[in-house]
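Heads up: the structure comes next, in structure tokens.
The values are calculated or read from the model by the stated rules, or taken from the named source; none is laboratory data. Just so it is clear, the model here is predicted, and its values are computed rather than measured. Heads up, the Cβs are rebuilt from the backbone with ideal geometry, glycines too, and the neighbour counts pull from every protein chain shown. What goes into the accessible areas is simple: the full protein's heavy atoms, side chains included, and nothing from ligands, DNA or RNA. Shrake-Rupley method; radii C 1.70, N 1.55, O 1.52, S 1.80 Å.
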Amino acid sequence: MSDNFVIMLDANELKSFNDEHSKEHQRNWDHLGERLLNRGHDTEGLIEQICAFQVAIPSWALGTGGTRFGRFPSGGEPSNLRDKIKDVGILHALNKSSGAISLHIPWDIPEDYDSIRELAFGLDIKFDAVNSNTFQDQPNSVHSYKFGSLSHVDTAVRKEAIKHNKEVIDHGVQLGSKALTVWLADGSSFPGQHNFRDAFQRTLESLEEIYDHLPADWKLLVEYKPYEPNFYSMVIPDWGTSHLLASKLGDKATSLVDLGHHLPNTNIEQIVALLMHLNKLGGFHFNDSKYGDDDLTVGSIKPYQLFLIFCELVQGMEDTDNPELSWMIDASHNLKDPMEDLLQSVESIKIAYARALLVDYDSLKIAQASNDIAQSQRILQEAFRTDVRPLVMESIYRKGGALDPLTAYRAFDIRNQLIAARGIDSKSTGL
Ligand code: LRH
Ligand code: MN
């Protein structure tokens, strides 16, 4: 496939697609715009905020994911980093909201920094957090991570894992990334296997060495997870442990909230509120789940929870000194076309954000101060029940994207174009 595959999303084609959809959009936007103005909202301000909201696409989720029970590839998958960046370019050209990619090393080692940077920047794509991987052994690994990495009882294994994390930072520096995400599979699957306190202490000391390697303007995002691949304990199982580590490490360390990394019925919006209150929230891995770490399309199972999380974020970004957040997706596409899944996830995130911007937080505070619970709920649900899609579409349209990116993706028959260019069997690296 030639490098200028962007022709696949021909500007004239995009224009005629939008012209076809603009009449109905204009009607919907005029209607919503008027309602929002009547409610006292600054619609231009809202559009500006929604336009500025960019979600990073995970480099490991541009192909078909799978489970231990099977994998059903969709064809035309990006089999190298350049093609992955091109696919993010397609998403961004359609929704003008996916202007960043988050790399996972070694699945996506940037061989030639200059040409990778040039390709990405040419597509208006930035590099968000880079992710280390000490949960799989590599062909050239000297030691095994079978029994852990940064928490391993063997100093030599910890040293190898620390070295890897430093190399990941060095790759990120070359690309203009400003954050390292550390997620550890470290833990135990049987009582007695681990000494919890020693494992924690070894992990902290390993992270301290990694922290000292961070450039001054970088962040370290400590991701937690209650189980899998270990099924009795994880060294960093919950937000409390992640926060403890981040606090002991220093100002550059914060906690990363992966929505799928919570036990059923956990109140994630409360965790988000507290971490922001402590100015120690670093970012998100957005996805959705019904049971475990299902990595499903954002907003496909619990859209109200996502809205409540964004209500805490909107207030926290207003009222706290929490550092700038990394907005990233972390999903695995077992059944849907990966590109369609990502388009739907970005749309759900922007809809949740737009609704959260509509909440009348002053009235909410008054209702809370008088324990008027029914009024508090009404204020929240007034916003949640507002169909903000015309507002999100208007923001995409104003930035030159497609009115209804998923419909455009299908109208331009992009999956078949990718299959024609890459073949039905091209396989993507990642989970
Ligand atoms: C672990 C996780 C982590 C990634 C991996 C791909 O479940 O969420 O963020 O490294 O998925
Ligand atoms: Mn994650």
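Over region 240-288, the ratio between the Cα radius of gyration and 2.2 N^0.38 Å evaluates to 1.11.
Each listed q (0.20 Å⁻¹) maps to a log10 I(q)/I(0) for region 267-416, found by the Debye formula over equal Cα scatterers with no solvent: -1.34. Taken as Cα centroids, region 360-389 and region 240-302 sit 24 Å apart, rounded to the nearest whole angstrom. Once you treat every alpha carbon in region 181-298 as an equal point and sum by Debye, what is log10 I(q)/I(0) at q = 0.12, 0.18, 0.20 Å⁻¹? Log10 I(q)/I(0), no solvent term: -0.43, -0.95, -1.13.
At an R0 of 45 angstrom, the distance between the Cβ atoms of residue 335 and residue 371 translates into a FRET efficiency of 0.50.
Counting charges near residue 302 (Lys, Arg +1; Asp, Glu -1) among other residues having Cβ under 9 Å from its Cβ returns a value of 0.
Distance between the modelled labels on residue 291 and residue 420, one decimal in nanometres: 4.1 nm (7 Å Cα→Cβ projection). Given a 1.4 angstrom probe, I'd like the percentage of the accessible area of region 242-333 that is carbon and sulfur, rounded to a whole number. Solvent-exposed carbon and sulfur of region 242-333 make up 49 percent of the total. Name the residue farthest towards the positive end of the dipole of the chain from the options 237, 189, 254, assuming +1 on Cβ of Lys and Arg, -1 on Cβ of Asp and Glu, about the Cα centre. The listed residue farthest towards the positive side: 189.
Computed extension length for residue 48-residue 22: 7.4 nm, one decimal, from 0.36 nm per residue of separation with the Cα-Cα distance subtracted. Residues whose amide H comes within less than 5 Å of that of residue 326, counting only those at least five positions distant or on another chain, are 283, 284 (H built at 1.01 Å from N in the peptide plane). Within a straight-line Cα-Cα reach of under 18 Å, residue 159 can be paired with the following aspartates and glutamates, leaving aside sequence neighbours fewer than 8 residues apart in one chain: 137, 167, 170, 186, 198, 205, 208, 209, 212. Note on region 39-145: percent of Cα-Cα distances in each 10 Å bin, starting at 0 and stopping at the bin with the largest distance, equals 13, 36, 30, 15, 6, 1, 0. From largest to smallest, the equivalent ellipsoid semi-axes obtained for region 166-240 from the alpha-carbon gyration tensor read 27, 13, 9 Å. For the chain, a simple Cβ point-charge model (Lys and Arg +1, Asp and Glu -1, everything else neutral) yields a dipole of about 600 debye relative to the Cα centre. Across all directions, the shadow cast by the convex hull of the chain built on its C-alpha atoms averages 21.3 square nanometres. Taken along the Cα-to-beta-carbon direction at a fixed 7 Å, the label points for residue 163 and residue 231 span 3.4 nm. Note: region 229-311, Cα convex hull, 94 Å³ per residue. Positive end of the charge dipole of the chain (Lys, Arg +1 and Asp, Glu -1 on Cβ, about the Cα centre): tell me which of 429, 38, 11 has its Cα farthest that way. Working it through, the farthest residue towards the positive pole turns out to be 429.
Taking every DSSP helix (H) stretch of at least 4 residues in the chain, weighting each as -39,500 (n - 2.57) and dividing the sum by the residue count yields a mean residue ellipticity at 222 nm of -15500 deg cm²/dmol. Residues whose amide H lies under 5 Å from that of residue 101, counting only those 5 or more places away or on a different chain, are 57, 126, 127, 128; hydrogens are built 1.01 Å from N in the peptide plane. Here the accessible area of region 1-117 is 51 percent carbon and sulfur, with a 1.4 angstrom probe and all protein chains present. Roughly how much of residue 389 is accessible, in Å² to the nearest 10, using a 1.4 Å probe? Around 130 Å² of this residue is reachable by solvent.
With 0.36 nm allotted per residue and the present C-alpha distance subtracted, the residue 112-residue 190 stretch has 23.7 nm of extension available.
Once the C-beta distance of residue 80 and residue 170 is scaled by a Förster radius of 22 Å, the resulting FRET efficiency is 0.60 to the nearest 0.05. Accessible area per residue for the chain is 45 Å², calculated with a 1.4 Å probe on protein heavy atoms, without ligands, DNA or RNA. Separation of region 77-112 from region 138-194 is 24 Å, based on Cα centroids.
Put simply, region 121-199 fits an ellipsoid with semi-axes of 30, 13, 10 Å; these come from the alpha carbon gyration tensor as the roots of five times its eigenvalues, largest first.
This model, with +1 at the C-beta of Lys and Arg and -1 at the C-beta of Asp and Glu, gives region 1-157 a dipole about its Cα centre of some 560 debye. By the scheme Lys and Arg +1, Asp and Glu -1, what is the net charge of all other residues having a beta-carbon under 12 Å from that of residue 257? Taking every Cβ under 12 Å from that of residue 257, the sum is -4.
The calculated FRET efficiency for the pair residue 126 and residue 146, based on their C-beta separation and a Förster distance of 41 Å, comes to about 0.70. Based on the Kirkwood approach, the hydrodynamic radius assigned to region 14-86 is 16.6 Å, with every pair of different Cα atoms included.
Considered as an equivalent ellipsoid built on the Cα gyration tensor, region 362-431 has semi-axes of 45, 17, 9 Å, the largest given first.
Each residue, residue 360 and residue 154, gets one label point 7 Å from its Cα in the Cβ direction; the gap between the two is 6.4 nm.
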